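Trainee: Structure incoming, see below.
Read-outs throughout are calculated quantities, based only on the coordinates presented, and are distinct from any laboratory measurement. In this text, all values refer to a predicted model and were calculated from it rather than measured experimentally. Using ideal geometry, Cβ is built from the backbone for each residue, glycine included, and neighbour counts are taken over all protein chains shown.
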Amino acid sequence: MTAGMANLHGNHACALGAIAAGCRFFAGYPITPSSEIAERMSRELPLVGGTFVQMEDEIASMAAVLGASAGGVKSMTATSGPGFSLKQENIGLASMAEIPCVIANVMRGGPSTGMPTRPAQSDIMQARWGSHGDHPLIALAPASVKEIHDQTIRAFNLSERYRVPVMVLFDQVIAHLLEPIELPAAGSLDLVERRWANGDDGYQPYAAGADGIPAMTRPGDGHRTHTTGLTHAEDGFPTQDPDTVTRVMDRLLGKLDQHGQDIEAFECHDTKDAEVLVVAYGISARAARRAVRQARERGIAAGLFRPITLWPFPEQALRTAADQARSVLVPEMNAGQLVLEVERICRDEVRVAGLNRVDGQPIEPSQIARRIEEMAADD
Amino acid sequence: MKEPMYKSARDLPSAHLLGAGTAMCAGCGGLEVVREAYDVLGENTVFVNAAGCMTLMSVYPFTPFRGSWLYTAMASAPAGAQGVRDALDIRRAKGELEAGDDLEVVVLTGDGAGYGMGLSATSAAIDRGLDFLYLCYDNEGYGNTGQQTSPATPHGARTATDGALAGVAGEKKDLFGIWVANRPTYAATVVGSEPLDLARKVARAKSRSGPRLILALAPCPTGWGFEPSETVAIGHLAVRTGIWPLKEYVDGRVEHTRRPHPRLPVTDYLKTQARFAHLFEPEPNEQVLAEIQASVDAYWDAVE
């Protein structure tokens, strides 16, 4: 696609964002409602010298993405709930071996097959804890077609910079929503390229400098690569020595902490004096935005905090936004997932409540507006 | 179990077990096969269905099935069938099931699971000698998600993920051959447009125990691009061009139950479907057409 205005579905915007970010490998498997990402990639990648491959299943798709990334090419896959479940073990490997990769998960109603053609926001906790063990990762939640495009680009940048899997979580509504977006001109984007090892003899694949991020090597660049899912020391080889494990795991689990400002993206609307704060993400945040505006028109001091980065959660930013709040409302298209994190972060005296839908329908502005009014009246 | 005799179309069951009005597409070749096979399998069948088009057949409170149906994740239907078979055997041993309740466990999947994602589970079920029948409706693509390429998509076909000028570069996987190499009790290919051949084979499969395959070509109006009224005609052409050989593996030997003679040119079949239209327009892709014809010719040369 050339630069300029275009009418795009969210799924196509995701594919084009990935191409713009430098993604040159996509491995996937058909699954509703994400299939159009794969289909678009199958058409776009050959035009830019990339490779699209349809794998035999979701596990293999994720493994191929890790292989391509370890081989030195920016890589991604796309899926939905059931496929996301199958990818989890390999996502853990990406966290452990620090292999950059991007996973788009177009959320649909679950559990199990659930409602393949209906939207949901029910993989928020799976995104964070779907793979076993403690592991670093980043999850982003765009709320519009334009933002899917931009956050997909950002996902690649974060993934390449911090060597973590980055998930782009959106839902069936935005995936299939048609919105006008402006596509950037080639060369106008700030793209992050992975830091490659420089060929020193003393190269330690998992030894990091002050920023906590080791330089990576790839086959063909002169180093012998050894990439394992076993707990490994700085030299990349397995270890079970408690002191070494503590040291390397402290770095692995803490490496995102010092880069919070770069990673944690969010938006605040009318939060400064907000007594009723709505915390919403993705499609629900669009309904919340309107509800908050309506509440303001009726004289209620309502505000919206919209995390774009869900994991790691922008904790300090929420604390600041909720500073004046007496109550916090978290509308989500699930049975109550991010609300747990919000509850944990807010002051004890703040009343935190969820507004949940699990019926495959987006939350309506009027539902949120009604709850805002109730909460304001209770305060 | 004694095998019922189907000498002519008059012997085929006249009452259909599968209810009408399912959510399948009009003219679905897979539904045609399930309907015909179900009449022979009987209402005591327990279906174990991996993700695919047929998982949409039952929309509560309506189901076209007379008996039970269980969903499994896409890769796992034969593993789910193992559990169902074992549980039924346990309950039968305990006397909880009447002798007459001879429940047949049937795995029902499309080609996405059958040829691809579920193949490992199939292989393991055959290894364990699981007593089950695998009914695969092969519509040569991921029909339920918009006809992306599957391991069963034929050479030259265009799909949602293979839009290149020449279509799919690879060859359709020989699932029948893979099953035969694993020496199952029985394996056969069928098509809904040949109901007598289908009924005989399903009856033969049902009369045996152990791992058994019924592999059905399922012409797909939406995925292949043809009018729903053409499903039967396209099934006939698949057989008469030699593209879909009707055969069975029984007692260690592969026998063809129909030898098309004379064989029609493959173009008679290909030109009926939009997925092959790029091979004819704007001008014929003689190379790919010749490759497809050569592949069919080579198959039958080896047989004859």
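Trainee: Tell me, what are the semi-axes, in whole angstrom and largest first, of the equivalent ellipsoid of segment A:4-183 as set by the roots of 5 times the Cα gyration tensor eigenvalues?
Mentor: 21, 19, 15
Trainee: Which lysines have a Cα lying under 29 Å from the Cα of A:LYS255, excluding residues fewer than 8 positions away in the same chain?
Mentor: A:LYS255 reaches A:LYS74, A:LYS87.
Trainee: Quick one: work out the % antiparallel among DSSP beta bridges in the protein assembly as shown, nearest 5.
Mentor: So the antiparallel bridges amount to about 30 percent of the total.
Trainee: Rounded to the nearest Å, what's the spacing between the alpha carbon centres of segment B:104-165 and segment A:353-368? Just the number, please.
Mentor: Cα centroid to Cα centroid, the span is 38 Å.
Trainee: For segment A:368-379, in order, what is each residue's ³J(HN,Hα) by Karplus, 6.51 cos²θ - 1.76 cosθ + 1.60 with θ = phi - 60°, in whole Hz (x at glycine and Pro)?
Mentor: 5, 4, 4, 5, 4, 5, 4, 5, 5, 5, 6, 6
Trainee: Using a Debye calculation, one point per C-alpha and no hydration shell, please list log10 I(q)/I(0) for segment B:82-219 at q = 0.21 Å⁻¹ in order.
Mentor: Listed by q, the Debye log ratios stand at -1.24.
Trainee: Further question: I'd like the Kirkwood hydrodynamic radius of segment A:267-378, using the inverse of the mean 1/r over distinct C-alpha pairs, in Å.
Mentor: Taking the inverse mean of 1/r over all distinct Cα pairs, segment A:267-378 comes out at 13.4 Å.
Trainee: Sticking with this one: Looking at B:PHE276, B:ALA9, B:SER150, which one has the Cα that reaches farthest to the positive end of the dipole of segment B:9-303 (charges on Cβ: Lys, Arg +1; Asp, Glu -1)?
Mentor: The one lying farthest along the dipole's positive direction is B:ALA9.
Trainee: Now for a separate question. Binned at 5 Å from 0, what are the whole-percent values of the Cα-Cα distance distribution for segment A:69-168, short to long?
Mentor: Taking all Cα pairs of segment A:69-168, the binned fractions are 3, 14, 25, 25, 20, 10, 4, 0 percent.
Trainee: Moving on. Could you tell me how many degrees, from 0 to 90 and to the nearest 10, lie between the Cα long axis of helix A:81-97 and the main elongation axis, the longest principal axis, of the Cα atoms of chain A?
Mentor: Once rounded, the angle reads 50 degrees.
Trainee: Over all directions, how big on average is the projection of the convex hull of the alpha-carbon atoms in segment A:121-162, in square nanometres?
Mentor: Values: hull surface 13.4 nm².
The orientation-averaged projected area of the Cα hull of segment A:121-162 comes to 3.4 nm².
Trainee: Here's a follow-up. Roughly how many debye, to the nearest 20, is the charge dipole of the protein assembly as shown about its Cα centre, given +1 on each Lys and Arg Cβ, -1 on each Asp and Glu Cβ, and no other charges?
Mentor: 960
Trainee: From the residues A:TYR206, A:PRO116, A:GLN367, which one has its Cα farthest along the dipole of the protein assembly as shown in the positive direction, the dipole being from +1 and -1 charges on Cβ of Lys/Arg and Asp/Glu about the Cα centre?
Mentor: A:PRO116
Trainee: What's the magnitude of the charge dipole for segment A:33-123 around its Cα centre, counting Lys and Arg as +1 and Asp and Glu as -1 at the beta-carbon? Answer in Debye, nearest 20. Don't skip to the end; give the middle numbers.
Mentor: Working: 6 positive and 9 negative charges, 45 e Å.
The calculated dipole for segment A:33-123 is roughly 220 debye.
Trainee: From the square roots a ≥ b ≥ c of the eigenvalues of the alpha-carbon gyration tensor of chain A, which class results: rounded (a/c under 1.5), prolate (a/b over b/c), or oblate? List each step's numbers first, then the result.
Mentor: On the way: a/c = 1.95, a/b = 1.44, b/c = 1.35.
Here chain A falls in the prolate category.
Trainee: Return the inverse of the average 1/r over all pairs of distinct C-alpha atoms in the protein assembly as shown, which is the Kirkwood hydrodynamic radius, in Å to one decimal.
Mentor: One decimal place: 27.6 Å for the Kirkwood radius.
Trainee: Sum up the lysine pairs in chain B that clear both bars: alpha-carbon distance under 20 Å and a spacing of 8 or more or different chains.
Mentor: Final tally of qualifying lysine pairs is 10.
Trainee: Taking the Cα atoms of segment B:1-79, report the difference between the largest and smallest coordinate on each principal axis, in whole Å and largest first.
Mentor: If we take the Cα atoms of segment B:1-79, the spans are 39, 30, 22 Å.
Trainee: With labels modelled as points extended 7 Å from the Cα through the Cβ direction, what inter-label distance (nm, one decimal) is found for B:LYS7 paired with B:ALA26?
Mentor: Once both label points are built, they end up 4.0 nm from each other.
Trainee: What translational diffusion coefficient, in µm²/s and rounded to a whole number, does the Stokes-Einstein relation yield for chain B at 25 °C and a viscosity of 0.890 mPa s, taking the hydrodynamic radius as the Kirkwood radius over Cα pairs?
Mentor: 125
Trainee: Taking the highest mean first, how do the peptides A:139-152, B:79-92, B:206-219, A:177-190 order by number of other beta carbon atoms within 10 angstrom per residue?
Mentor: Working: A:139-152: 25.8, B:79-92: 17.1, B:206-219: 23.9, A:177-190: 12.9.
Most protected by this proxy first, the peptides run A:139-152, B:206-219, B:79-92, A:177-190.
Trainee: Now for a separate question. I'd like to know which of A:ILE263, A:ALA317, A:HIS149 lies farthest towards the positive end of the charge dipole of chain A, counting +1 on Cβ of Lys and Arg and -1 on Cβ of Asp and Glu.
Mentor: Positive-most Cα among the choices belongs to A:HIS149.
Trainee: Under 5 Å between amide hydrogens, which residues at least 5 positions from A:LEU183 or on another chain qualify, with H placed 1.01 Å from N in the peptide plane?
Mentor: A:GLY4, A:MET5, A:ALA6
Trainee: In addition: Can you give me the relative contact order of chain A as a percent, contacts being Cα pairs under 8 Å and 6 or more apart?
Mentor: Working: 845 pairs, mean separation 60.8, N = 379.
Once divided by the residue count of chain A, the mean separation gives 16 percent.
Trainee: Now for a separate question. To the nearest whole percent, what portion of all C-alpha pairs in segment B:144-222 is separated by more than 15 angstrom?
Mentor: Of all Cα-Cα distances in segment B:144-222, 65 percent exceed 15 Å.
Trainee: Moving on. Nearest 20 debye, what's the magnitude of the dipole of chain A about its Cα centre given +1 on Lys and Arg Cβ and -1 on Asp and Glu Cβ?
Mentor: In debye, rounded to 20, chain A gives about 740.
Trainee: Once the convex hull of the C-alpha atoms of segment A:1-67 is built, how many Å³ does it hold per residue, rounded to a whole number?
Mentor: Cα-based convex hull of segment A:1-67, divided per residue, equals 80 Å³.
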